[in-house]
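Colleague: Just passing along the structure, written as structure tokens.
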Amino acid sequence: MQAEQISIFIENKAGRLAEVARILSESKVNIRALSLADTSDFGVLRLIVNHTSRAKDVLKDNGFTVRRTTVAAVEVLDQPGGLLAVLDLLNGAGINIEYMYAYANPPGGNAVMIFRFDRMEDAIELLKKNNMRILEAEELSGL
Amino acid sequence: MAVAAPSFPDNMDPKQRAQHQLERLQETLNRAYRSVPFYQTRFKEKKIDPLNVGSLDDLAQLPFTERRHLAENYPYGLFAVPLRDIVRIHTAPGEGHAPSVSGYTTQDLALWNNIVARALAAAGVNANDIMQIFLDPGLASWGRGYKDGAEALEASVIPLTALSLEKQQMVLKDYKTSVVVTTPSSAEELCQGLYAKGINPNDLALRTIIFAGEPVSQEERRTIADKLHVDTWVHFGLSEVPGPAIAFECAAHDGLHVSEDHFYPEIVHPETGKPVGPGEEGELVLTTLTTRAFPLIRFRTGDRMSFIEEPCSCGRTLCRVNWHKDRTDNIVVIRGVKVHHAQVMTYISKALGFTPTCCRLLVGKRGDRVGLEVWLGMDDTIFSDEIKELERVVETVENALAQELGITARVRLSEGKVECSDPGRREVAP
């Protein structure tokens, strides 16, 4: 019930993001969701792609430091309070969100948010128990 | 109480001085052989009996002492006298796992007073001067050397204290400091600080700046001299045999005179270890001739120098050297503090609990302040997809380095493998 994300370390300088995009494009990897967390010196690029292993390998071959992390892709109702409902649940259970970002262009009208929690399994169990839909890895990379 | 070996007149006939040097060298070698197992073993390996060293040229047969040997013999392994005779112990950042520790007998301290006083006197320092010592904590042992040397000349000394730049400026102005001992980097900061505050150099009593710790280019000197209306003088020293003012400038400002009666200098090719030709650049190798507690035989300094063959116009016959900016080893000099690549890796590993793949040392600038910049190569162990974890790594390493080295260090995380700094190249961070 967990999706796979790759994170890439990049220095905060011109052209680095384009370089990652170029490498993935040449390997026919499609980027499904993306978030960039940055400081003045460096950033961490987090991606959900259609071919996780291939993407990790080609980036590594090109000298990047890459890590695979599990995340949860949670369907959020596309209406006021949709996100709040999810956050309230987690908050009530004392689960912290390490980071989160939105999925580009999800099907079916609803939004999909990618979450990394401090207690992944507890969070997923809690969300499912409360009838939140969590997308499968295949579902996600095939979107 | 034994008396420190005297300095000979600065204008002594070189042949006569060489004779005295030989006698002092023989005495030093004998003492090192008799009292320090490290030297005895190494002399024996080369089948050298110090009693057979009959000329200064014979010294070249002896093995070199390197910085790593100081760490390997931590803390007291290279002392040549019983600990009860030691009256002072100094620590300098070393190479590898341990710092360099050196000891002094009462005579040694008196000796250093003479050496430093001689160098200060050559820069015109006298009893009428107020001398302010402004060095980073990493050079604390030099601070004491300069204090003692200046007191021997009866100058008034404002010793090295942990004051902010702001306070140093206040002292400089209000206390009517006439001489400042500092590194070129700190002098530049002081100068910029004074200008920023709108203090006109004419309001200061300052007339002399003595540069210690790192070589300085003509251009940098001129800038500081012009801006602060001062004469500048360069001193060379070692932090391992603390150490300041082993070589010093005279009024001719043309190279540095070596205190040859206390140190025997050689300049060798850094790779082959053979002496360089006349006037050629190479690595300075020093042998102590008079220190009792901590004799060093053929110590490789890593400093790049060349002998000046012509006699000096000042009349001193003490040999002269030019001190060049690049080094022959893997050390970066930051604000006079020697930072060794392997040492930094050790500190980083200790702080992180694992050894990162690679790091590179550069001279960086944060605002006006020169400091160490460490580029830490990203690898699978350091990497986290959470920014706060990466920031924690930066902070942990910066704190550890500041504490261990006594200078500010800025850590930058770099993509992938960063090449280890080229030996000897003073790399300035972009």
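Colleague: Using a 10 angstrom cutoff on alpha carbons, build the Gaussian network for chain B and name the most mobile of B:THR381, B:THR291, B:THR28.
Modeller: Largest GNM mean-square fluctuation: B:THR381.
Colleague: In region B:332-414, if every C-alpha pair distance is counted and binned at 5 Å from zero, what percent goes to each bin?
Modeller: Taking all Cα pairs of region B:332-414, the binned fractions are 3, 15, 30, 27, 15, 7, 2, 0 percent.
Colleague: Evaluate the relative contact order of region B:332-414 (contact order divided by residue number), counting alpha-carbon pairs under 8 angstrom at least 6 apart; express in whole percent.
Modeller: Values: 124 pairs, mean separation 25.9, N = 83.
The normalised contact order for region B:332-414 reaches 31 percent.
Colleague: Now for a different question. Identify, among B:ALA225, A:ASN131, B:LEU238, the residue whose Cα sits farthest towards the positive end of the charge dipole of the protein assembly as shown, taking +1 on the Cβ of Lys and Arg and -1 on the Cβ of Asp and Glu, with the dipole about the Cα centre.
Modeller: Final value for the positive-end residue is B:LEU238.
Colleague: List every residue whose amide H lies under 5 Å from the amide H of B:CYS312, counting only residues 5 or more places away in sequence or on a different chain, with H placed 1.01 Å from N in the peptide plane.
Modeller: none
Colleague: Same structure again: Could you work out the mean count of beta carbons from other protein chains within 10 Å of each residue's beta carbon in B:375-387? Write down the numbers at each step before the final one.
Modeller: Numbers: counts 1, 0, 1, 8, 2, 4, 1, 2, 8, 6, 18, 8, 8.
Shielding by partners across B:375-387 averages 5.
Colleague: Across peptide B:406-417, how many C-beta atoms of other chains are within 10 Å of each residue C-beta, on average? Provide the component values of the computation, followed by the final result.
Modeller: Working: counts 0, 0, 0, 0, 1, 1, 3, 7, 4, 11, 7, 2.
The shielding value for this peptide is 3.
Colleague: At a 10 angstrom cut-off on C-beta neighbours, averaged per residue, how do the peptides B:176-188, B:193-205 rank from highest to lowest? Display every interim value, and only then the final one.
Modeller: Details: B:176-188: 24.2, B:193-205: 12.6.
The packing order, highest mean first, is B:176-188, B:193-205.
Colleague: Further question on the same structure: How high is the relative contact order of region A:3-69? Use alpha-carbon pairs under 8 Å, at least six apart in sequence, and give a whole percent.
Modeller: Working: 109 pairs, mean separation 31.2, N = 67.
Dividing the mean separation by the residue count of region A:3-69 yields 47 percent.
Colleague: While we're looking at this one, here's another question. Hey, if you put +1 on the Cβ of every Lys and Arg and -1 on every Asp and Glu Cβ in the protein assembly as shown, which of A:ASN110, B:THR272, A:SER53 ends up farthest toward the positive end of that dipole?
Modeller: Checked the options; the winner is B:THR272.
Colleague: Let me ask something else about it. Can you pull the one-decimal nm distance between simple spin-label points at A:GLN79 and A:ASN12, each 7 Å off the Cα toward Cβ?
Modeller: In this crude label model, A:GLN79 to A:ASN12 measures out at 4.1 nm.
Colleague: Kindly state, to the nearest 0.05, the FRET efficiency for B:ASP174 paired with B:HIS229, given R0 = 22 Å and r defined as their beta-carbon distance. List each step's numbers first, then the result.
Modeller: Numbers: r = 18 Å, r/R0 = 0.83.
Working from the Cβ atoms, E equals 0.75.
Colleague: Still on this structure, I have one more. Distance in nm between label sites at A:GLU4 and A:ARG119, each 7 Å beyond Cα in the beta-carbon direction?
Modeller: It is 2.7 nm.
Colleague: Out of all DSSP beta bridges with both ends in the protein assembly as shown, state the antiparallel percent to the nearest 5. Can you show the working numbers first?
Modeller: Numbers: 70 of 93 bridges.
Roughly 75 percent of the beta bridges in the protein assembly as shown run antiparallel, per DSSP.
Colleague: On a straight-distance basis, which lysines could pair with B:LYS325 in a cross-link, Cα separation under 30 angstrom, same-chain partners fewer than 8 positions away excluded?
Modeller: The qualifying lysines are B:LYS147, B:LYS227, B:LYS274, B:LYS338, B:LYS365, B:LYS417.
Colleague: Calculate the FRET efficiency for A:THR39 and B:ALA121 from the Cβ-Cβ distance with a Förster distance of 60 Å, rounded to the nearest 0.05. Could the numbers behind the result be given before it?
Modeller: Working: r = 52 Å, r/R0 = 0.87.
In this case the efficiency is close to 0.70.
Colleague: What total accessible surface area, summed over both chains, is buried at the interface between chains A and B, computed with a 1.4 Å probe and given in Å² to the nearest 100?
Modeller: Working: alone 7760 and 18360 Å², together 24440 Å².
In total, this chain pair buries about 1700 Å².
Colleague: Please report, in Å, the Rg and the Dmax of the protein assembly as shown, where both are computed over Cα atoms only.
Modeller: According to the Cα coordinates of the protein assembly as shown, Rg and Dmax are 30.6, 99 Å.
Colleague: Can you give the FRET efficiency to the nearest 0.05 for A:ASP88 and A:ALA137, using r as the Cβ-Cβ distance and R₀ = 22 Å? Before the final figure, lay out each step's value.
Modeller: Numbers: r = 26 Å, r/R0 = 1.19.
Efficiency computed from Cβ-Cβ geometry: 0.25.
Colleague: Additional query: Please report the antiparallel percentage of DSSP beta bridges with both residues in chain B, rounded to the nearest 5. Each step should come with its number before you reach the end.
Modeller: Details: 40 of 63 bridges.
For chain B, the DSSP antiparallel bridge percentage is about 65.
Colleague: Per 0.36 nm of contour for each residue apart, how much would the distance between B:ARG84 and B:GLU45 grow if the chain were fully extended, relative to their Cα-Cα spacing?
Modeller: Working: separation 39, 0.36 × 39 = 14.04 nm, distance 3.04 nm.
Going from the current span to full extension adds 11.0 nm.
Colleague: So, one more: Could you work out how far apart the two model spin labels at B:THR355 and B:SER35 are, taking each label as a point 7 Å from the Cα in the direction of the beta carbon, and quote it in nm?
Modeller: 3.7 nm
Colleague: Per-residue ellipticity at 222 nm for chain B, helices alone: DSSP H runs ≥ 4 residues times -39500 (n - 2.57), over residue total, nearest 500 deg cm²/dmol? List each step's numbers first, then the result.
Modeller: Working: 10 runs with 132 residues, N = 430.
So the calculated ellipticity at 222 nm is -10000 deg cm²/dmol.
Colleague: Along region B:75-82, what does the Karplus equation 6.51 cos²θ - 1.76 cosθ + 1.60 (θ = phi - 60°) give for ³J(HN,Hα), rounded to whole Hz, x for Gly and Pro?
Modeller: x, 10, x, 9, 6, 9, 10, x
Colleague: On a 0 to 90 degree scale, rounded to 10, what angle separates helix A:52-61 from the longest Cα axis of chain A?
Modeller: Between helix and principal axis, roughly 30 degrees.
The values are calculated or read from the model by the stated rules, or taken from the named source; none is laboratory data. It should be emphasised that the depicted structure is a prediction, and the values quoted were computed from it without experimental measurement. Note: ideal-geometry Cβ built from the backbone for every residue, glycine included; neighbour counts use all protein chains shown. For the accessible areas, the whole protein counts, side chains as well, though only heavy atoms, and no ligand, DNA or RNA atoms are used. Shrake-Rupley method; radii C 1.70, N 1.55, O 1.52, S 1.80 Å.
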